[in-house]
Amino acid sequence: MTGLTGRFHQRQHIREQSMTTLSDPPKGGFRLSMLINDTRYRSYTFQFIALIALIAAFGYLGSNLVANLKAAGLNISYRFLGEPAGYDINQRLIEYTSQSTHLRAAMVGALNTLLVAVVACFFATIIGVIVGVLRLSKNWLVNKLMGVYVEIFRNVPVLIWILIIMAVFVAVLPQPREFRGDDATASMVLGSFAFTGRGFYFPKPVFGAGSMIVVLTFIASLVGIWGYRRYAKQQLFDHGRMVSTLWPSIGLFFVPTILMFFIMGQPITLDYPALKGFNFQGGIYARNSFIALTFALSIYTAAFIAENVRAGILAISTGQTEAAASLGLRPGRIMNLVILPQALRVIIPPLISQYLNITKNSSLAIAVGYMDITGTLGGITLNQTGRAIETVLLLMAFYLIISLSISAVMNVYNNSVKLKER
């Protein structure tokens, strides 16, 4: 009996070896023909060939450009960046004079571009989310008004909106001379803010000794709010226990900073704008061109973001809302805890494109006289130096780096909210 069992196992082993030999491909050595015939290497072969062809094409175009420039007596050089610019820039975030270099002028323009892009992205997101949610309102009037807003702003070119808003600011807002004297026809808002046809004036914070501690306290308060709200959400998900977040968040936002402000002897003061001569002096001055450009980009892009938000919310099954309501959650918490976290997976990818559009559309600033990098490096510097190729290449590199940076940051956030399988 033992002999029969042994022969049975031996035959079964031989059969398994035969089946393995028939099913598995032969394991031979590597041959060059496998780069084409073997599916494991074929895709890499074609990609490598395409890469070589692309490099060769760019190399040919580059050598052709250099040869043509040499034949015309020209050469690519960036020495002009160290020469005096010789022109003024009306709004700047860093020190600059007409005797500064073209490189300094390009830096001022780049910072102006980034300022518009960051502020416009911030306000466009807030407006877009609010409008997108209100478009789903059961109130007929609110629903239709938000629909009219979206259709009007997204179907008219953004350049038209920039020019319209700029014209309204110049025509409607008072001039500084109208704030002067007893017969003044205009007055400052709250005695601190002046909105004029030349621009807007705001109080400017002045930081004294000990102000850095107050600022760090405020930053720590923001981190504390984030951590507390994260803790409250974890308590809800893990234990089903509702933890209040509104008043603790308000307390963390104001109390530590205010206490530290008085403990350090009020180190932060305000420099208020005041009418002196023919214009306001002091405070923060934001030109009407900056306000018009930022406002136009914000409300224009917000119309597209609103549609992205509406589509993301509608992508969530109504059963999710009904299930959350059956658990006793209020509509606000249903939106914050159930709908929006899932909708973000649909909203974030097109939102990245809208942020990129804001950054690129900021190049229309020259239409209202706002000196961004297109107006400085790609405008005046190009005309003065005649270095068209160099300036255009720098402009392309700047917008490419900014766009890739925005995409990288937003993709990190997108990966953090995407659905994760267990």
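The values are calculated or read from the model by the stated rules, or taken from the named source; none is laboratory data. This is a predicted model, so every value here is computed, not measured. Heads up, the Cβs are rebuilt from the backbone with ideal geometry, glycines too, and the neighbour counts pull from every protein chain shown. These accessible areas exclude ligands, DNA and RNA; they are computed on the full protein's heavy atoms, side chains included. Shrake-Rupley method; radii C 1.70, N 1.55, O 1.52, S 1.80 Å.
Here is a yes/no grid of residues against (1) over 19 Å from N383 (Cβ atoms); (2) β-branched (V, I, T):
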position: Y44; (1), (2): yes, no
position: Y87; (1), (2): no, no
position: Q91; (1), (2): yes, no
position: T101; (1), (2): no, yes
position: K138; (1), (2): yes, no
Worksheet item: Quick one: what pairs do we get from the range 209-237, first residue under 26 Å from L337 (Cβ atoms), second surrounded by 13 or more Cβ atoms within 10 Å (Cβ to Cβ) and of a type in the set (A, V, I, L, M, F, W, C), C-beta under 6 Å, 6+ apart or different chains?
Response: S221/L252; S221/F253; G224/L252; I225/L252; A232/V243; Q235/V243
Practice prompt. Would you point out the residue of the range 73-94, among those that are closer than 17 Å to Y370 by Cα and open to solvent by 40 Å² or more (accessible area, probe 1.4 Å), that is modelled with the lowest pLDDT?
Written response: N90
Response to the item:
Condition set touching a Leu at 6+ places or on another chain (Cβ under 9 Å) and modelled with pLDDT of 90 or more, scope the range 145-181, selection farthest from S362 (Cα to Cα): answer is L145
Practice prompt. Test N336 against the criterion of being of a type in the set (S, T, N, Q) and farther than 30 Å from I291 by Cβ, and give yes or no.
Written response: yes
Worksheet item: On the given criteria, is R154 surrounded by 15 or more Cβ atoms within 10 Å (Cβ to Cβ) and in contact with an Asp or Glu (Cβ under 8 Å, 6 or more places away or on another chain)?
Response: yes
Worksheet item: Hey, does the range 369-378 have a residue that's surrounded by fewer than 18 Cβ atoms within 10 Å (Cβ to Cβ) and under 25 Å from the mean Cα position of the chain (by Cα)?
Response: yes
Response to the item:
Taking first residues from the range 187-200 that are under 20 Å from F295 (Cβ atoms) and second residues anywhere that are in a loop (DSSP other than H, G, I, E, B) and among the polar types (S, T, N, Q), the pairs with Cβ under 8 Å that are 6 or more apart or on different chains are T196/Q175; G197/Q175; R198/Q175
Response to the item:
Pairing a residue in the range 280-307 that is within 30 Å of S137 (Cβ to Cβ) with any residue that is charged (D, E, K, R), where Cβ atoms lie under 7 Å and the two sit 6 or more apart in sequence or on different chains, gives A303/R154; F304/R154; A306/R135
Worksheet, complete the sentence: By my count, helices (runs of 4 or more DSSP H) wholly in the range 84-174 with at least 1 residues that are more than 30 Å from L275 (Cα to Cα) and of a type in the set (D, E) are 140-154
